[in-house]
Amino acid sequence: MAQYKLAYGHAVQTISLQDNNTILLAEHRQPLPQVSEEDMVRRALEQPIGSARLGALVRPGQRVAVVVSDITRPCPTARLLPFLLSELQSGGVEEKDIRIVFALGSHRCLKPEEQAKLVGEAVFDRVCCGDIGSGPFIEVGRTSRGTPVQVFQPVVEADWRVYVGNIEYHYFAGYTGGAKAVLPGVCSLETITANHSWMVHDSAVAGRIAGNPVREDIEEAASFLGPAFLLNVVLDGEKHIVEAVAGDVILAHRQGCHKVDALYRVPLAQRADIVLASAGGWPKDINLYQAHKALENAAHAVRDDGIVILLAECPEGFGHPRFAEWMTCGDPPERLLQRIQEQFVLGGHKAAAIAKIRRRGVRIFLVSAMDAEVVRSTGFEPYVSVQEALKTAQRDMGDNARLVVMPHAGSTLPASLPASE
């Protein structure tokens, strides 16, 4: 018997499994970094990729917008900002000229205490912080795919923009990080909707950049803004920094994507009957809207008519009103897919992505804190215990069922896709 501890919110659920027919699909194991997190971040800023040092680029009196992740992302912003602010100060930028902007995209606004936790109390007390709320937004151009690029005014009007985030797989933008801080991060809902409508394209998949219309549209949109600098990190399953990249928004991001591939792109020769997947704990399972990313990755590992057991606490429920509406409307998968093709609806797009998985006959067992009847209304099967869910799955799939365990399903990509380009 082997025991697995799977992250669930701020806690864990433990499960015991027979070794036979069980495959642990975790990140690739590489030698641990020989330097501290602090040294990695410092070195990235001192040796930027495709760019001079940020401190040599900025000038006294210039306004700098620092765009950081919101509460749904695991980026350790509070551990990064002291180094970044020090770099800006070395170039003569004063704290009064710095504005920290939380990249909400289509997510909810943050409470002051959440903002303080994300950036650290000391920074929150000294530096102007705020999210994009309802704007105002300024249209700075239109991409070749027709996306109107409407960006939060303080970000547009800054002399420099610094994008801070973490890089991992994204189910239709290829990877997170990079220019995603701009789109969807600080753009209007009209802009986000236009960009995300390309998710139905066959090349809009996890781990793909070249030819991915969503990622290409994002990066074209970001190019309409003025000078920018990137600081992104790659995290391990315990949210420790294992790589830091800084510099040019495109070139540094690509270097980070290569590290993600080395850690988290895991080949799988044969799809499993049952996939047991943890979203990775808080904040990746703060709601179903976010935990869905783990479901997408798990779907790459399960056969048609198989079972995915998704372990995601979801204390905030669905996390998006339109997503909740689509998920509980009772429409069969084919109808949801038809609806999203007739008219792209932000929030509905995730319900349609789930419909693509369910159309394959895949059953989804959700281990969560959500109300059981609400879960049933989505077509999922509700559980409060992962052991209980697995017992049912093994009973239904038989004693010889092939099982894959994904402790970090929000980050791990079972794939034979080409690596990042």
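Within segment 184-204, being of a type outside the set (Ser, Thr, Tyr), assigned to a loop (DSSP other than H, G, I, E, B) and in contact with a strand residue (DSSP E or B) (Cβ under 7 Å, 6 or more places away or on another chain) holds for GLY185, VAL186.
For (1) in contact with a strand residue (DSSP E or B) (Cβ under 9 Å, 6 or more places away or on another chain); (2) β-branched (Val, Ile, Thr), each residue gets a yes or a no:
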residue: LYS293; (1), (2): yes, no
residue: ALA299; (1), (2): yes, no
residue: GLY306; (1), (2): yes, no
residue: TRP326; (1), (2): no, no
residue: PRO333; (1), (2): no, no
residue: PHE344; (1), (2): no, no
residue: ALA353; (1), (2): no, no
residue: ILE357; (1), (2): yes, yes
residue: ALA389; (1), (2): yes, no
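Picking from residues in segment 266-309 that are aliphatic (A, V, I, L, M) and free of Cβ contacts under 8 Å to residues at least 60 places away in the same chain, the one that is farthest from GLU238 (Cα to Cα) is ALA269. Can you find, within segment 32-89, the residue that is surrounded by the most Cβ atoms within 10 Å (Cβ to Cβ) among those that are touching a Ser or Thr at 6+ places or on another chain (Cβ under 8 Å) and assigned to a strand (DSSP E or B)? The qualifying residue surrounded by the most Cβ atoms within 10 Å (Cβ to Cβ) is VAL68.
Has segment 74-96 got any residue that is β-branched (Val, Ile, Thr), touching an Asp or Glu at 6+ places or on another chain (Cβ under 8 Å) and in contact (Cβ under 8 Å) with a residue 12 or more places away in the chain? No, segment 74-96 contains no residue that is β-branched (Val, Ile, Thr), touching an Asp or Glu at 6+ places or on another chain (Cβ under 8 Å) and in contact (Cβ under 8 Å) with a residue 12 or more places away in the chain. Comparison of GLY105, GLY92 shows that the only residue that is surrounded by fewer than 17 Cβ atoms within 10 Å (Cβ to Cβ) and on the phi > 0 side of the Ramachandran plot is GLY92. Within the span defined as segment 361-376, one or more residues are touching a helix residue (DSSP H, G or I) at 6+ places or on another chain (Cβ under 9 Å), in the same structural domain as PRO407 (by TED's automatic domain parsing), surrounded by fewer than 23 Cβ atoms within 10 Å (Cβ to Cβ) and assigned to a loop (DSSP other than H, G, I, E, B). Sort through GLY177, GLY141, GLY135, GLY146 and tell me the only one that's small (Gly, Ala, Ser), within 28 Å of GLY92 (Cα to Cα) and touching a residue at least 12 places away in the same chain (Cβ under 8 Å). So the residue among GLY177, GLY141, GLY135, GLY146 that is small (Gly, Ala, Ser), within 28 Å of GLY92 (Cα to Cα) and touching a residue at least 12 places away in the same chain (Cβ under 8 Å) is GLY177.
Checking each residue in segment 124-178 for being surrounded by fewer than 16 Cβ atoms within 10 Å (Cβ to Cβ) and assigned to a loop (DSSP other than H, G, I, E, B) picks out GLY133, SER134, GLY135, PRO136, SER144, ARG145, GLY146, ASP159. Within segment 329-344, the set of residues being part of a loop (DSSP other than H, G, I, E, B) and farther than 15 Å from ILE364 by Cα comprises CYS329, GLY330, ASP331, GLN343, PHE344.
Of everything in segment 387-412 that is of a type in the set (Val, Ile, Thr) and crowded, with 22+ Cβ neighbours inside 10 Å, the residue that is farthest from TYR4 (Cα to Cα) is THR412. Within segment 287-310, restricting attention to residues that are touching a helix residue (DSSP H, G or I) at 6+ places or on another chain (Cβ under 8 Å) and among the hydrophobic types (A, V, I, L, M, F, W, C), which residue is nearest to VAL375 (Cα to Cα)? Out of the qualifying residues, it is LEU288.
The values are calculated or read from the model by the stated rules, or taken from the named source; none is laboratory data. On a predicted model such as this, the values are computed, not experimentally measured, just so you know. In this analysis, Cβ positions are derived from the backbone assuming ideal geometry, glycine residues included, and neighbour counts consider all displayed protein chains.
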